[in-house]
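Read through the structure below, which is laid out as structure tokens, and then see the notes.
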Amino acid sequence: MSLLTRISTGRPLSSRPATALSRPRTAHSRPNTGRPQTAASSRHDSSYIVAVIEGRGVGREVGIAALDKDTGRVSLVQLADCPTYVKTLHQMHLHYPSIVLVPDTFMSLSDVSLTSGAKTPQTTSLLVQCIMDEFDGIPVEPVMRKYWSDTAGLDFVNQLMVDNDEHASTLLAVSNKYYALSAASALFKHAELRLNIRFSASSLLIRYTQVEGTMMIDPDTALNLELVGNMSVRKSAHSLFGLLNHAFTAMGARLLKVNIMAPITVKSALEARLDVVEELIQTEDRFIEVKNALKSLNKVDFDQLISSLASSEAREATNAKLASARIAQMLNLRNIVQSLPRLAKALEGSRSQLLQIIAEMISDERLEKMEKAISESLNEEATPARGGLNAVNARVYAVKANFNRLLDVARETYKENVGDIYALRNRLVEEHNIPLTLSYRDSDAGFVFSLKKTDLDDAGGELPRGFVDATPQKGRWVFSSIELKKRNARMKDALDETLILSDKRVFQISFHLVNLKIIQDLTDDVVVNIGALYKASEAVALLDLLWSFAHASILRPEFTGTLAIKGGRHPVLECVQSAGATIPNDVYCCEASSFQIVQGPNMSGKSTYLRQIALLTVMAMCGCFIPAEYGSFRIHDHLLTRLSNDDDLERNLSTFASEMASTAMILGLATENSLVLIDEVGRGTSVREGVAISHAIAEELIRLKSFVFFATHFHELTTTLSRQPSVINLHLSVQKSRPTASKFGITFHYKIVDGASDLQDHYGLDLARLADLPESVISEARRVAEYLADREERDQRQSKTSKLALRRKALLRLRTQLGQALDHSSLPDEELATYLARMQKEIATVLQETM
């Protein structure tokens, strides 16, 4: 693994027709955790071909191989999963499939019609059922079991993997990953037999992905937190991805999306990224120079270009269209390679190690040789164009003149044919006295005439005889003539011959051979050094990502093992609301206060507070600055949430069943390093049962020692969990006032404060008044509610258990504060002594009151 990879990521066939399988929903279907297609779910989300296979043992070992059709990158994953396959589905969401390949022995006859006599099980495997439920509408294609071979997979990897400094370590990492290699074998066989794609040797960037190197965010959490797309408006940029995406390149945008969905968990990698962001913020000149250099690569997809150069058709076909595409690729490649020195110059004198590595990677001497070889063959004036006649001419005159007489003759013929078409236009203008113009269409139509509707009206309102195929368009008519079609045909023949000869010409320049296609030869010359292109692409993507972070940065976070945020603001909400309207809130969570109960009336901001914690954590663990006055974070292995209370009518799941399914997943995955956010669990059943199951869930999460923020309306939990020393009570501040006809009588401050809420018990009574209940009913309800609350409070004050719990909490908090002072304090001796004295006085007071 390269140094850049370690620092930037920290991450340690079938002959049957494709089938678009979609299992019908049933009451027993697995609850879906997938997110719908959003504005952030672009074509890159669905560009992967994913092969999945599972071992036969009870360990649920799963192998995944994912090929990005657009970029040619291959990811291999092998992991041990749980019965719900949430880890496998998470990896598939990171490599969102356009088609899923599974062994044919995993599917029943009811799910697919077999065209061979292969032995098929009576039922579809649970893994395939989960995939079908999760990725509804994505085709699942069975691949013959004989193609799932670990030996063949290792041969494919060894043959196709680019020869770079990661080659040996990747081979070593996958050598004993039986299931990942079996998936790779089926994947490449499918590409060859079904997609007619064959990759050149040593041309693909193949990596084994260490699952342990990233924080797992389940798809439900990504959806509810709006990490990559807005839930309400599909095209809205009001999501974390929309907020941070200032990338100029497609590679940078893809890398940002992957990092948001799976933030890195290696502290050294995070600090390296933060060093870069800090340097870009503090050095305005470098920030602007990097911006201007990246602008020259605006909307460039380096990965896609590399992939197109590395792949070829398994059943070769030669035509002018293919030759035209290849020449355009060479022009784009030259344009990209020529832009890299400017980017390297912008990074000269950088302080951060990561910027120095990026500068070194985009200054590879192999890139200079590549640019020189292409420039020797291509005209400097030939530049990539997006369409129309300029794009055609750029390809026609791409190769320099006087290298091949046949090519020069073909060009001259093409030029004369174009001239004949313009001469025809001039003759018709004079003949009919109408201002005809010529437009070029990239389709086979070639040139067409066009005339403004106002000009036609001035000429009598009708086209002269001899014109055909008249079509109205915006403010004009488009049409042709028999003579124009004839001249178009001659021009197209000359164009095709020119492009094919240009194809040959580039090859001859590179290898001094004749009558062979340029495509293979110049491409082979590039593929030999394709490792340098992959390195440059990764470097540009990472720099683009970090520049985006610098564009949206406020304060550098720290990683100390304690979650402490002062004046934190919801990053997306801050962009939506007017300046200064977002209410900042503090967060403090450590081992002594790892379970925090958050209470407050409806609409007081509980859900927003929980989402703010999650979003700030994701930003920090991506290596981005955060909107806060101070931020300290613990590196988490999972971000697990239960944030929605909606029924799932499509799968016949009630609110309570949906809650329990999500909670079961959380309890199965949570560890002491996880961040868990739960918003209202247990409200789908009776109050007594809801309190009981909420208490039981809380007890289990407290035992696991995860950092938990538990929003609830069950005030009984503050009593039942009071004996737990790590439980802290918080609530959102509200203020009661005299209700009027136009005012509800409650002012929401959206501010988090310590202690249990003393208002929410009677909030429902105030709401009942709005429903015009009789005043006598409301008065009686209030009397009973106050009596029960007073009795409960009195019993709690006199409880020995409560006093013991208070002492335990005080002692645990003392231990944590002393440890933090020892490990992280930078206070002068005098101030530290004052702090310790205050701490001593506080603990003495608590112990005296609870004796």
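Would you kindly identify the strands (runs of 3 or more DSSP E) lying entirely within the stretch 71-168 that contain at least 3 residues that are of a type in the set (Val, Ile, Thr) and modelled with pLDDT of 90 or more? Break it down into steps so the answer makes sense when it comes.
Details: elements: 73-80, 97-103, 140-143.
By residue number, 97-103.
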Q | Residue tally, condition at pLDDT 80 or above and of a type in the set (Lys, Arg), over the stretch 763-807 | A | 2
Q) For the stretch 837-851, how many residues are loosely packed, with under 12 Cβ neighbours inside 10 Å and either of a type in the set (Phe, Trp, Tyr) or in a helix (DSSP H, G or I) (or both)? A) 8
Q.
Being in a loop (DSSP other than H, G, I, E, B) and at negative phi is the filter here; which residues of the stretch 321-361 pass it?
A. Leu347, Glu348, Ser350, Arg351, Ser352
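Taking the condition of a type in the set (D, E, K, R), in a helix (DSSP H, G or I) and modelled with pLDDT under 70, does Arg505 pass?
So Arg505 passes the test.
Within the stretch 191-204, can one find any residue that is within 30 Å of Ser296 (Cβ to Cβ), among the aliphatic types (A, V, I, L, M) and either in contact with a strand residue (DSSP E or B) (Cβ under 7 Å, 6 or more places away or on another chain) or part of a helix (DSSP H, G or I) (or both)?
Pass one, the stretch 191-204, residues within 30 Å of Ser296 (Cβ to Cβ): 199-200, 202-204.
Remaining after also requiring among the aliphatic types (A, V, I, L, M): 204.
Imposing the further condition that a residue be either in contact with a strand residue (DSSP E or B) (Cβ under 7 Å, 6 or more places away or on another chain) or part of a helix (DSSP H, G or I) (or both) reduces the set to 204.
Yes: one or more hits.
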Q: For Arg234, indicate whether it is within 29 Å of Ile336 (Cβ to Cβ) and charged (D, E, K, R).
A: no
Q) Counting just the residues of the stretch 411-455 that are of a type outside the set (D, E, K, R), within 48 Å of the chain's Cα centre (by Cα) and farther than 16 Å from Arg476 by Cα, which one comes out modelled with the lowest pLDDT? A) Ser443
(Q) Checking Val681 against (1) closer than 30 Å to Met132 by Cβ; (2) of a type in the set (A, V, I, L, M, F, W, C); (3) modelled with pLDDT under 90; (4) outside any loop (DSSP other than H, G, I, E, B): exactly one of these is not met. Which one? (A) (4)
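Looking at Thr608, Thr617, Thr562 in this structure, which one is within 16 Å of Thr641 (Cβ to Cβ) and surrounded by fewer than 22 Cβ atoms within 10 Å (Cβ to Cβ)? Please lay out each step first, then the result.
Numbers: Thr617 fails: surrounded by fewer than 22 Cβ atoms within 10 Å (Cβ to Cβ); Thr562 fails: within 16 Å of Thr641 (Cβ to Cβ).
Among Thr608, Thr617, Thr562, only Thr608 is within 16 Å of Thr641 (Cβ to Cβ) and surrounded by fewer than 22 Cβ atoms within 10 Å (Cβ to Cβ).
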Q: Specify which of the listed residues (Arg23, Arg56) is of a type in the set (Lys, Arg) and either modelled with pLDDT under 65 or not in a loop (DSSP other than H, G, I, E, B) (or both).
A: Arg23
Q: Specify the residue that is nearest to Asp420 (Cα to Cα); the eligible residues are those in the stretch 456-490 that are surrounded by 14 or more Cβ atoms within 10 Å (Cβ to Cβ) and more than 51 Å from the chain's Cα centre (by Cα).
A: Glu483
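Listed here are the residues, each with its yes/no results for (1) closer than 23 Å to Asp70 by Cα; (2) of a type in the set (D, E, K, R); (3) touching a helix residue (DSSP H, G or I) at 6+ places or on another chain (Cβ under 7 Å).
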position: Leu172; (1), (2), (3): no, no, no
position: Tyr178; (1), (2), (3): no, no, yes
position: Phe188; (1), (2), (3): yes, no, yes
position: Ser200; (1), (2), (3): yes, no, yes
position: Met215; (1), (2), (3): no, no, yes
position: Pro219; (1), (2), (3): no, no, yes
position: Leu227; (1), (2), (3): no, no, yes
position: Arg234; (1), (2), (3): no, yes, no
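Give Ser726, Ser694, Ser722 a once-over and let me know the one that is of a type in the set (Gly, Ala, Ser), crowded, with 21+ Cβ neighbours inside 10 Å and either within 28 Å of the chain's Cα centre (by Cα) or under 23 Å from Gln817 (Cα atoms) (or both). First the steps, then the outcome.
Working: Ser694 fails: either within 28 Å of the chain's Cα centre (by Cα) or under 23 Å from Gln817 (Cα atoms) (or both); Ser722 fails: crowded, with 21+ Cβ neighbours inside 10 Å.
Every option except Ser726 fails the conditions.
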Q: Go over the candidates Ile281, Ile264 one by one and state the one that is at pLDDT 90 or above and closer than 23 Å to Asn673 by Cα.
A: Ile264
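So is Ser706 in contact with a helix residue (DSSP H, G or I) (Cβ under 8 Å, 6 or more places away or on another chain), among the small types (Gly, Ala, Ser) and crowded, with 18+ Cβ neighbours inside 10 Å or not?
On the way: in contact with a helix residue (DSSP H, G or I) (Cβ under 8 Å, 6 or more places away or on another chain): no; among the small types (Gly, Ala, Ser): yes; crowded, with 18+ Cβ neighbours inside 10 Å: yes.
Against the criterion (in contact with a helix residue (DSSP H, G or I) (Cβ under 8 Å, 6 or more places away or on another chain), among the small types (Gly, Ala, Ser) and crowded, with 18+ Cβ neighbours inside 10 Å), Ser706 does not qualify.
Given the criterion surrounded by fewer than 22 Cβ atoms within 10 Å (Cβ to Cβ), in contact with a Leu (Cβ under 8 Å, 6 or more places away or on another chain), among the acidic types (Asp, Glu) and assigned to a loop (DSSP other than H, G, I, E, B), identify the matching residue among Glu672, Glu700. Let's see the steps before the verdict.
Details: Glu700 fails: assigned to a loop (DSSP other than H, G, I, E, B).
Within the list Glu672, Glu700, the selection yields Glu672.
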(Q) It is to be established whether one or more residues within the stretch 812-834 are modelled with pLDDT under 75, out of contact with any Ser or Thr (no Cβ under 9 Å at 6 or more places or on another chain), in a helix (DSSP H, G or I) and loosely packed, with under 14 Cβ neighbours inside 10 Å. (A) no
Q: Could you run through the stretch 464-497 and say how many residues are assigned to a strand (DSSP E or B) and in contact with a Gly (Cβ under 7 Å, 6 or more places away or on another chain)?
A: 1
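The values are calculated or read from the model by the stated rules, or taken from the named source; none is laboratory data. Because the structure is predicted, anything quoted here is derived from the model rather than measured. Note: ideal-geometry Cβ built from the backbone for every residue, glycine included; neighbour counts use all protein chains shown.
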